[in-house]
Amino acid sequence: MTASKINFDNVFTHLKDIGLLHLAGDEIPNVRELVTGKKSKGSWWADPAAHQIFAVTQLLEDHPDVTITKLISRKVTLVHRKLWTRLFAVATGRDEWQIQGLSRPTALLLKQVEKEGTLLTNNIKRSDTKIGDAARELEFRLLIHSDQFHTESGAHAKRLETWELWARRVDLKGRSVRSELARSFFEERLNEINKSYSRRGHLPWQ
């Protein structure tokens, strides 16, 4: 068994157990520390185990029971499928914390995503705002699902899609819940994680 497979099995077991992981950082348990066995500071790309961290991250991103969003502390958060129904409820709630104070460029981008279903940021032509800034605001408010990819030129771009389209694509199943109940669940789950691991993660609406 390869080192990458051993590390992946260990990380995925933790993800399945607690439901949420970061790629790196110290707000909640993360892939980097699970691979290296220690807490580290600075960019994970400079870590001696960077290749292993990257390999495990790629396996996680491709796993059918893992999705990625900016749920915890505005950072890339891996979410296990067992929490997807509640994640979908929060994301599609259109509650005050998501909509209030939304900038005009971001609101326009959201409207465009909702109309098209999915958009590639490298194909969007708009001169009045930085698309990246608007996309990040939508991500932080959980108004869209997104993933990153490389264009033919090698540049980074994002695929933005509605949560409804994401739900169909991943074959989301489970009884729907109210957004306020789903938020309460995540608050309790994160509070348990923070206490158990002496962390300080926070949710977008907190």
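Here are the numbers:
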{"quantity": "Residue 154 modelled with pLDDT under 90, at positive phi and outside any helix (DSSP H, G or I)", "calculated": "yes"}
{"quantity": "Test: residue in the range 12-22 that is closer than 14 Å to residue 138 by Cβ, surrounded by fewer than 21 Cβ atoms within 10 Å (Cβ to Cβ) and outside the structural domain of residue 159 (by TED's automatic domain parsing)", "calculated": "no"}
{"quantity": "Residue among 28, 6 that alone is in contact with a Gly (Cβ under 6 Å, 6 or more places away or on another chain) and either in a loop (DSSP other than H, G, I, E, B) or free of Cβ contacts under 8 Å to residues at least 24 places away in the same chain (or both)", "calculated": "28"}
{"quantity": "Residues located in the range 103-121, provided they are over 20 Å from residue 170 (Cα atoms) and crowded, with 16+ Cβ neighbours inside 10 Å", "calculated": "105, 106, 109, 110, 121"}
{"quantity": "Residue list for the range 76-97, restricted to those being crowded, with 17+ Cβ neighbours inside 10 Å and basic (Lys, Arg)", "calculated": "81, 86"}
{"quantity": "Hits in the range 152-195 - residues which are polar (S, T, N, Q) and touching a residue at least 60 places away in the same chain (Cβ under 8 Å)", "calculated": "176, 179, 194"}
{"quantity": "Cross-chain or 6+ apart pairs with Cβ under 7 Å, the range 105-126 first and not assigned by TED's automatic domain parsing to the domain that holds residue 158, then surrounded by 14 or more Cβ atoms within 10 Å (Cβ to Cβ) and not aromatic (Phe, Trp, Tyr)", "calculated": "none"}
{"quantity": "Per-region count, the range 29-53, residues out of contact with any Asp or Glu (no Cβ under 7 Å at 6 or more places or on another chain) and buried (at least 17 other Cβ atoms within 10 Å of the Cβ)", "calculated": "10"}
{"quantity": "Per-region count, the range 62-89, residues in a helix (DSSP H, G or I) and at pLDDT 95 or above", "calculated": "9"}
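The values are calculated or read from the model by the stated rules, or taken from the named source; none is laboratory data. On a predicted model such as this, the values are computed, not experimentally measured, just so you know. Cβ: placed from backbone, ideal geometry, glycine included. Neighbour counts: every protein chain shown.
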